[in-house]
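Accompanying notes for the structure given below.
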Amino acid sequence: MTQAAITEHHTPVEETSTGLNNRKLLMWAFLGSDVMFFGAFIATYLVYRGKSLVGPYPSEVLNIPITTVSTFVLLMSSLAMVLALHYVKEGEKNKGTLWILAVVVLGAIFMGFQFVEFREFAHLGLTPRTNIFGTTFFILTGIHGAHVTIGVIWMAFLAYSSNNGALRSDNALDLEIAGLYWHFVDIVWIVIFTVIYLISANDAPPPGMETITH
Amino acid sequence: MTTNALTFPRFFPRPQSETGIWGWIGTVDHKRIGTLYGITSFLWFLIAGVEALLIRVQLSSAENTFIGPEFYNQLFTMHGTTMVFLVIMPLSAAFFNWLIPLQIGARDVAFPRLNALSYWVFLFGSLIMNAGWLTGDAPNGGWFGYAPNSGVTFNPGLGMTYWVVGLNILGVASIAAGLNFIVTIMNMRAPGMSMFKMPVFTWMTLITSVLLVLAMPILAVAGIQLQTDRVYGTHFFNSLAGGDPVMWQHIFWLFGHPEVYILILPAMGIVSEVLPTFSRKPLFGYPFVVFAGIVIGFMGWFVWSHHMFTVGLGPAANTAFAMSTMLIAVPTGVKIFNWIGTLWRGNIQLNTAMLFSISFIAMFTIGGLSGVMHASPPTDSQQQDTYFVVAHFHYVLVGGALLGIFSGIYFWWPKFTGWFLNEKLGIANWALMMIGFNLQFGPQHWLGMDGMPRRIYTYAENMGWEGSNLAASIGGFILGLGILLFIINMIYSRMNKKVAPADPWDGRTLEWSTSSPPPVHDFDEVPQVKYRDDFWFKKHPETISEYYHNEHDLEIEEAAPAPSHDAEEHGDDHGGHGGIHLPDKSYYPFILGVGIAIFGIGFLTNTYVIAAGVPIFIWGMLGWSMEPVNDPT
């Protein structure tokens with residue numbers, strides 16, 4: 001082994017004024033920014049709730065049981081994330097890789113659910129152009145879906161790194177920072193699930209305005 | 001390199017050149033990026049100034065036909081948008097970039113490549129925003145872009161699309177810069193510099209950065225909603241489908257009011273550096289100034305509806321926002337009294353920088369007082385949409401932010417360039433600006449009280465508004481003459497090359513402890529900080545006891561930990577700077593910036609163009625993430 005190869009593994013301890021790693025602090029600050037981003041969209045949804053003039057209305061399209069399943073899948077991906085970080089920190093390469101892959105797969109399943117849901121809604125006649133519910137629903141959940149997509153690509157990249165040996169216990173911080181992002185996206189979904197699905201599930205059309213007959 | 005490390009194919013070697021266009025494109029040096037910000041935003045300042053002068057020519061007489069209503073709408077929209085987003089904000093960013101690492105004793109910002117990305121994204125965003133001038137389709141819906149007037153029904157054509165796409169791209173730049181400076185200020189301070197030993201400008205930068213990071217996403221949401229309404233036919237602001245135009249006002253002003261403090265806090269920071277230096281005593285009530293800044297940054301979130309008193313939100317909302325608006329005048333007043341307290345019994349040197357700072361206090365106070373008048377809903381109902389409001393915000397933005405920035409330019413120019421600006425030209429520049437500014441905006445108070453509405457391209461002869469408008473127009477040209485003198489002064493400084501020493505003003509903060517201009521690595525040795533205004537007390541140790549009366553205070557200061565992590569400690573002695581690690585140059589910020597710009601162009605032209613941006617974006621991302629900050633040597 002050459003001298004260069006030895007120093008490659010020696011990561012100098014970063015000294016910062018607060019003791020927090022720079023990139024970790026950056027991610028926390030960014031998440032603060034993202035809170036405002038989602039917050040404004042969620043506020044828009046709440047202000048516009050029940051303001052649709054034409055159908056389909058939430059109670060006619062929302063499917064709570066199926067979305068509960070997809071929510072569960074996303075929550076489990078956070079568990080996988082925790083385990084992945086644990087094993088990568090422990091230096092157990094194979095288990096670490098496997099659990100990162102689990103995050104990727106669970107995230108992808110969630111995206112699949114969303115894709116099917118969007119198609120189903122479109123089939124029922126609800127698009128972003130249909131009414132104010134469609135507008136606020138699709139843009140908010142779509143933005144969240146975009147966040148999940150970015151996370152899945154990021155995790156896939158990290159799974160590849162881990163398998164490759166480039167992600168090790170000494171730079172597990174790379175995974176930890178991605179994990180912060182992933183957990184945040186997960187938490188946002190809990191809010192969205194509550195606000196759009198659980199609270200609005202019974203927002204029925206006004207009498208005589210039913211558009212879909214089951 | 002170990003064999004299992006990920007590598008990314010390099011299509012070109014790392015930039016090495018220090019000079020020429022490639023040297024600038026590959027730079028990650030905070031000082032050069034600051035210079036880029038400064039030059040770019042000054043050019044936009046001149047363009048927005050010309051737009052203002054055209055407006056003033058048109059309004060100089062009644063029923064003028066110099067320009068028509070269409071062009072007039074574009075002019076006032078782009079004047080406002082440019083001055084806010086492409087002048088005051090990036091000029092502040094130029095100061096952040098130049099000064100923050102120097103003031104906290106760091107060698108660069110925390111994320112040098114992200115810093116370069118911020119600049120490139122800002123540049124491309126500003127170009128996209130202004131591209132409408134070339135197609136004759138410039139934005140025309142006001143800098144506030146009120147829906148549904150900015151929607152596609154009432155505003156077909158690309159104009160407001162340029163605006164909204166440009167703003168969203170600029171937002172990316174602002175958020176990235178804000179994040180960078182938060183981390184830099186929190187994490188990169190020199191040993192011993194605790195938060196309350198930081199210079200006030202650094203404090204105001206930190207607060208501004210927090211506001212940027214939290215406020216810009218809200219503007220992004222407004223922009224996305226307007227954009228999807230315009231392009232994809234959604235109904236966010238379409239009242240025919242149940243949407244609510246007032247929603248736009250809420251979201252925009254929820255961003256817009258913190259934005260006001262984003263514009264003014266950096267100038268307050270500059271003034272808080274200039275006044276103590278030229279009064280030769282420390283800032284009066286440092287903790288009060290800092291906490292007033294924090295309180296302003298916090299309360300700025302609870303006042304937005306004072307922009308909407310005439311919307312009809314009802315007495316409860318109007319009362320609440322009237323009270324919060326009046327309250328926010330308190331911390332602002334605290335600052336003004338502290339600045340006056342700093343001057344009090346000081347050994348005052350009246351040079352150009354100081355004149356600008358003192359004028360800042362006076363003019364900003366006038367603008368602040370007319371602001372308190374608007375805080376009352378009944379009064380505001382009379383003033384809404386009149387020239388009184390125009391006078392108010394020009395007094396805080398020109399009389400406040402811009403005078404502060406000019407003060408900063410005269411103050412730090414020797415540090416930035418190594419040469420002095422000419423004092424005589426400087427004082428003439430200041431005098432012309434002050435005369436012109438007051439002549440232009442002073443009479444607008446009366447015009448507004450007399451009922452002259454904003455955003456009208458002309459007015460009738462029998463309204464009695466001609467005299468004041470003519471005065472305002474003359475004032476505008478005098479102000480422009482002042483700016484011209486400043487340009488001459490810059491050129492004169494460049495030609496004359498009157499060399500400035502490292503510490504020309506007997507300064508107080510760390511940036512004066514290094515050479516003018518600073519070396520590329522900023523400090524030969526990382527400074528060790530013991531006191532607030534540490535550099536001053538190192539130069540004048542006899543004054544320490546004057547300001548640290550309490551023995552107990554002194555003991556605490558002595559006991560302050562001063563961990564040393566000099567460059568020498570980790571010194572592997574490579575990089576050619578005597579063991580100092582500097583981040584290597586990189587092209588990826590530029591490439592990623594180009595990718596983001598192509599996304600923006602895609603939104604304006606054809607969705608397929610967005611697809612063309614994707615590979616460049618991914619190339620930039622991958623190349624960036626796999627390029628080590630420093631190549632092993």
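For the stretch B:433-528, the dipole from Cβ point charges (+1 on Lys and Arg, -1 on Asp and Glu) about the Cα centre works out to 320 debye, to the nearest 20. Compactness of the stretch B:401-442 is given as radius of gyration and Dmax, 11.8, 37 Å, from Cα positions. Projected label points at A:Leu79 and A:Leu53, each 7 Å from Cα along the beta carbon direction, are separated by 4.7 nanometres. Sequence neighbours fewer than 8 away in the same chain don't count; with that in mind, list the lysines whose C-alpha is under 16 Å from B:Lys424. Within the straight-line cut-off, B:Lys424 pairs with B:Lys497, B:Lys498. Give me the net charge for the shell around B:Leu99: Cβ to Cβ below 12 angstrom, other residues only, Lys and Arg +1, Asp and Glu -1. Summing Lys/Arg as +1 and Asp/Glu as -1 gives -1. Restricting the calculation to alpha carbons of the stretch A:166-214 gives Rg and Dmax of 20.5, 64 angstrom.
When only alpha carbons are used to place a centre, the stretch A:124-152 and the stretch B:457-505 end up 50 Å from one another.
Taking a sphere under 13 Å around the Cβ of B:Phe356 and counting the other residues whose Cβ falls inside, with K and R at +1 and D and E at -1, yields a net charge of -2. Using the rule -39500 (n - 2.57) for each DSSP H run of four or more residues, divided by the residues of chain B, the 222 nm mean residue ellipticity is -21500 deg cm²/dmol.
Going highest first, how would you order A:142-150, B:449-457, B:206-214 by mean Cβ packing within 10 Å? Don't skip to the answer; put the middle values down first.
Working: A:142-150: 16.8, B:449-457: 15.1, B:206-214: 25.3.
With the highest mean Cβ count within 10 Å placed first, the list reads B:206-214, A:142-150, B:449-457.
Dividing the Cα radius of gyration of the stretch B:440-511 by 2.2 N^0.38 Å, with N the residue count, gives 1.87. Residue pairs exceeding 28 angstrom between C-alpha atoms, taken from B:Lys415/B:Lys539; B:Lys197/B:Lys539; B:Lys538/B:Lys585; A:Lys24/A:Lys89; B:Lys335/B:Lys415: B:Lys538/B:Lys585. Kirkwood-type hydrodynamic radius, the stretch B:380-485: 15.1 Å, calculated from all non-identical alpha-carbon pairs.
According to the Kirkwood relation over distinct C-alpha pairs, the hydrodynamic radius of the stretch B:159-278 is 16.2 Å. If a paramagnetic tag sat 7 Å from the Cα of B:Phe154 along the Cα-Cβ line, which residues of the stretch B:291-333 would have the backbone N under 17 Å from that point? Label zone hits: B:308-312. Shape summary of chain B, radius of gyration then Dmax from alpha carbon positions: 25.0, 84 Å. Summarised in one figure, the compactness ratio Rg/Rh of the stretch A:51-110, Cα atoms and Kirkwood Rh, is 1.31. Per-peptide packing, taken as the mean over residues of other Cβ atoms within 10 Å, places B:187-194, B:373-380, A:103-110, B:267-274 in the sequence B:267-274, A:103-110, B:187-194, B:373-380 from highest down. Amide H to amide H distances under 5 Å link B:Gly243 with B:Asn238, where only residues 5 or more positions off or on other chains count and H is placed in the peptide plane.
What helices does chain B have that are whole DSSP H segments, at least 27 Å long along their own axis by Cα, and with mean Kyte-Doolittle hydropathy of 0.5 or more? The qualifying helices are B:30-59, B:112-130, B:159-187, B:200-232, B:245-279, B:315-343, B:352-374, B:466-496, B:607-626. Once the Kirkwood radius over Cα pairs is known for the stretch B:33-141, the Stokes-Einstein relation at 4 °C and 1.567 mPa s delivers a diffusion coefficient of 84 µm²/s. Amide H to amide H, with H built 1.01 Å from N, B:Trp419 comes under 5 Å of B:Ala500, counting only residues 5 or more places away or on other chains.
For chain B, averaging the sequence separation of C-alpha pairs within contact (under 8 Å, six or more residues apart) and dividing by the residue count gives a relative contact order of 18 percent.
What FRET efficiency, computed as 1/(1 + (r/R0)^6) with R0 = 22 Å and r the Cβ-Cβ distance, is obtained for A:His183 and A:Tyr160, rounded to the nearest 0.05?
It comes out at approximately 0.55.
Each peptide among B:20-31, A:188-199 gets the average number of other Cβ atoms lying within 10 Å of its residues, and from highest to lowest they stand as B:20-31, A:188-199. The share of Cα pairs per 10 Å bin across the protein assembly as shown, counted from zero up to the longest distance, runs 2, 12, 21, 25, 20, 13, 6, 1, 0, 0 percent. Here the stretch B:223-276 yields Rg over Rh of 1.33, to two decimals, using C-alpha coordinates and the Kirkwood radius. Start at zero, step by 5 Å, and the Cα-Cα distances of the stretch B:277-341 spread as 4, 17, 22, 16, 13, 10, 8, 5, 3, 2, 0 percent across the bins. Take every Cα pair under 8 Å whose residues are at least 6 apart in sequence, average their separation, divide by the length of chain A, and the relative contact order is 33 percent. For the pair B:Val231 and A:Val116, a Förster radius of 30 Å applied to the C-beta separation gives a FRET efficiency near 0.70, rounded to the nearest 0.05. Close amide H pairs (under 5 Å, H built 1.01 Å from N) link B:Thr386 with B:Arg454, residues at least 5 positions away or on another chain.
Relative to the longest principal axis of the Cα atoms of chain A, the long axis of helix A:173-192 lies at roughly 10 degrees. Each residue of the stretch A:39-56 was assigned a 3J(HN,Hα) from its phi angle through the Karplus expression (A = 6.51, B = -1.76, C = 1.60, θ = phi - 60°), giving x, 5, 5, 5, 4, 4, 4, 5, 5, 8, 5, x, 9, 5, 9, 10, x, x Hz with x at Gly and Pro. Mean partner shielding of peptide B:508-516, defined as the number of other chain Cβ atoms within 10 Å of each residue Cβ, is 0.
Inter-label distance, B:Lys498 to A:Ala204: 8.3 nm, where each label sits 7 Å from its Cα along the C-beta direction. Paramagnetic label reach from B:Ile491 (point 7 Å along Cα→Cβ; backbone nitrogen cut-off under 20 Å): within the stretch B:402-445, residues B:410, B:417, B:419-433. Look at the dipole of chain B built from charges on Cβ: of B:Thr605, B:Ile296, B:Thr325, the Cα furthest out on the positive end belongs to B:Thr605.
When the gyration tensor of the stretch B:193-243 is built from Cα positions, what are the square roots of 5 times its three eigenvalues, in whole Å, from largest to smallest? Each step should come with its number before you reach the end.
Numbers: eigenvalues 334, 14, 7 Å².
Its equivalent ellipsoid spans semi-axes of 41, 8, 6 Å.
Across the alpha-carbon set of chain A, the Rg to Rh ratio works out to 1.10, Rh being the Kirkwood radius. Other residues with beta-carbon under 14 Å from the beta-carbon of B:Phe309 carry, at +1 per Lys or Arg and -1 per Asp or Glu, a net charge of -2.
Placing unit charges on the Cβ atoms only, positive for Lys and Arg and negative for Asp and Glu, gives the protein assembly as shown a dipole magnitude near 980 debye about its Cα centre.
Here r is the Cβ-Cβ distance between B:Leu350 and A:Asn171 and R0 is 56 Å; the resulting FRET efficiency, rounded to 0.05, is 0.50.
Sequence gap at least 6, Cα distance under 8 Å: using those rules, report the relative contact order of the stretch B:118-177 to the nearest whole percent.
Working: 65 pairs, mean separation 31.3, N = 60.
With pairs under 8 Å counted, the relative contact order is 52 percent.
Suppose only helical runs count, i.e. DSSP H with n ≥ 4. What mean residue ellipticity at 222 nm does that imply for chain A under -39500 (n - 2.57) per run, divided by all residues and rounded to the nearest 500 deg cm²/dmol?
Numbers: 7 runs with 148 residues, N = 214.
Mean residue ellipticity, 222 nm, calculated: -24000 deg cm²/dmol.
Projecting the Cα positions of A:Thr130, A:Val61, A:Gly107 onto the charge dipole of chain A (unit charges on Cβ atoms of Lys, Arg, Asp and Glu, taken about the Cα centre) puts A:Thr130 furthest along the positive direction.
Quick note: the coordinates plus some simple rules give every number you see, no bench work behind them. Given the structure is predicted, the values throughout are model-derived calculations rather than measurements. Note: ideal-geometry Cβ built from the backbone for every residue, glycine included; neighbour counts use all protein chains shown.
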